[in-house]
């Protein structure tokens, strides 16, 4: 057993994305105690930065000490009790996971199922909410399994109109497209660090509205999940009147998240979103010039997650293997019903640069040609360059 | 908001402990994908190293992607279902937490309560197991809140004799005193990374016996906690027949854990345990030469966690503040009923060195003198030096 030296990799899959040298350097700063006054000051800065990033000035914000899935679990487990009715829109793997977790919370789960690649249809959700009251409406803003963006404002509005609390999965959207807890009037909204924030995986920022907090305060039963119990978490992260020990915060991972937030606000939140949009336009132009097609219809595409259909006759795994082998480039495979049918190409955070667009088109063009698919890589690069800054 | 530069700190509290430069450097290596073949090879090495460290060759070992408390939650939530009877020995904060979690799992909880600072009494536990059968016997091997070590071999033996599965909390013991899943015949055993392994907080190594796995396979209900669902976790970490996506592993944190394990086996597991014992003997001799007394009776003391009684008339918080201010030295306060009554001085992992022993005695002696307590720091240092290698 020897020290592990990772190979060079260019991360353009569904996450993790490339982590910048400044965030990597932050991870390696000396560990201090989680009760240290200076660490507590860092916690306050992180909470404030998350509130700014979610645009959630009136929400309680905290990073959970576990991967993005813990954000989902915390949202579901804190809001739902046995017998509560939960309406869950499912248009990909992560909506399905929400439904699974809601069942474990003891809720009566009603799913509104969509084809993978479609956005959630607010009209169909409204029918279900009209039919019977629900405690919660949960949906995924940016489906990582398909690259489809749903209309979070419309869906949160429906939740409010029908007396339900909204849960919004923003794992892949935060920092890549506009996320606005205040404008949407979202109740619980969470994300991960390894997508558009370009920090390593391992933390789940979450924000809870006052209505969500009131619902938790009024629970009949304790939350089934102790680590994700929001009341306990906030007594540790709360700041007012001292902190109550709950877990030991993952100190160095939080250094990394903090630095990624510093970098994001240095560049400017709006500038970051514009960068994601531009890189997507350039990549999409290049992919289409190569003759490739997207899974998701244009108005619903996420810039940061491009699900591209595998052309007939092309061995999708061989293409991924070739770009990894020759270019150290990781792109993602399809999940569930999309296995073997799509590639998922991420343009997230530090991986959303002109360099990444050029590399991906070059590598993919070569690999497709080797598979007998006549992709014109030169035309693809030209189409992309015309849209790059 | 600016990049965070942590202050110098010498970590001699109840954890985190000092993280060595080589582990910090490992954290900062470039992030690769969690499905990358080379990352999967790293996962296999980590599993094998954990099996070696727990001495659990026939257990399934995996590091949970969350702090040590997640190990406790996974153990409790996977083994217990509503209505199951759980006997939980409580001799400090963490035994109490186990009982709290078992209640959330829906179990019928019977606690065997002890004074804080006492080890768990096997005779009292046996009485309770004799009275009625239990599905689980849970206890803390090394109580971080008191510094008491319990007899894990005897307690696991009782569990086996009375048909219960054992859950052993080794958060503070692993890598500091002997932990031996095979010899104890322990069913579920878990730890954290930020104690004697001297990696940052954020991961929870866990090992499950074949009997524990069979019990999980025979559950009537799904595990309430999705993130800690052992069956799902093992389908991600399993290795045989491919991996099923469950969460995104905290890549860089796992680099750190891996490096800490490489360092531990380089020094030698037995040599590491001897080092902890020697540093404790030196520190204890010094503290006693200063006139300080231990909370825990000598045979039950953990070398890596020294709970020292605050002398009458001394302001315990002022002492902690003084050693932090003058020496950048963090020592821990008491928890719960021991608040204000003890200091908890850690000698864990990279913090278990002669340098740390000398620094702690020097700083503590000065701070006590400033409080009017006549600690003879010179005699303390001499007593310690006589026992240092």
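Looking only at chain B, where both bridge partners belong to it, what percent of the DSSP beta bridges are antiparallel (to the nearest 5)?
50
Along Cα→Cβ, 7 Å out, is where each label goes; now give me the distance between the ones at residue B:214 and residue A:222 in nm to one decimal.
Calculated label separation equals 3.1 nm.
Taking 7 Å along the Cα-to-C-beta vector as the label spot, tell me the residue A:269-residue B:298 distance in nanometres, rounded to one decimal.
6.2
Angle check, please: helix A:37-53 long axis (alpha carbons) against the longest principal axis of chain A (alpha carbons), in degrees 0 to 90, nearest 10.
Tilt relative to chain A: about 70 degrees.
Taking a point 7 Å out from Cα toward Cβ as the label site, list the nm distances between residue B:326 and the same residue in every other copy, smallest first.
For residue B:326, the other copies' label points sit at 6.8 nm, shortest first.
Can you give the FRET efficiency to the nearest 0.05 for residue B:161 and residue B:281, using r as the Cβ-Cβ distance and R₀ = 30 Å?
Step by step, r from the Cβ atoms, then E = 0.30.
Between region A:112-145 and region A:40-106, what is the C-alpha centre distance in whole Å?
One Cα centre to the other: 17 Å.
May I ask what percent, to the nearest 5, of DSSP beta bridges between residues of region B:269-385 are antiparallel?
Of those bridges, close to 100 percent are antiparallel.
For chain B, find the longest principal axis of its Cα atoms and tell me its angle to the long axis of helix B:93-104, 0 to 90°, nearest 10.
Between helix and principal axis, roughly 20 degrees.
Using helices alone, what [θ] at 222 nm do you get for chain A, with -39,500 (n - 2.57) per DSSP H run of 4 or more residues, divided over all residues and rounded to the nearest 500?
Mean residue ellipticity, 222 nm, calculated: -13000 deg cm²/dmol.
Looking only at the protein assembly as shown, where both bridge partners belong to it, what percent of the DSSP beta bridges are antiparallel (to the nearest 5)?
50
For the pair residue A:369 and residue B:38, what calculated FRET efficiency results from E = 1/(1 + (r/R0)^6), where r is the Cβ-Cβ distance and R0 = 22 Å, to the nearest 0.05?
On the way: r = 27 Å, r/R0 = 1.22.
After rounding to 0.05, the efficiency reads 0.25.
Over region B:269-385, what number does the Rg to Rh ratio reach, with both radii from the alpha-carbon atoms and Rh per Kirkwood?
Numbers: Rg = 13.2 Å, Rh = 14.1 Å.
Taking Rg over the Kirkwood Rh, I get 0.94.
Assuming R0 = 30 Å, what is the FRET efficiency of residue B:2 and residue A:378, from their Cβ-Cβ distance, to the nearest 0.05?
Given R0 = 30 Å and the Cβ-Cβ separation, E is 0.10.
Separation of region B:275-349 and region A:289-360 by C-alpha centroid, Å?
Each part reduced to its Cα centre gives a spacing of 56 Å.
Please determine, in degrees from 0 to 90 and to the nearest 10, the orientation of helix A:251-267 with respect to the longest principal axis defined by the Cα atoms of chain A, where the helix direction is its Cα long axis.
Once rounded, one gets 60 degrees.
Each reported figure results from applying straightforward, stated rules to the coordinates on display, with no laboratory input. Note that the coordinates shown come from a computational prediction; the quantities given were computed from them, not determined experimentally. Positions of Cβ are backbone-derived with ideal geometry, glycine not excepted, and every protein chain shown enters the neighbour counts.
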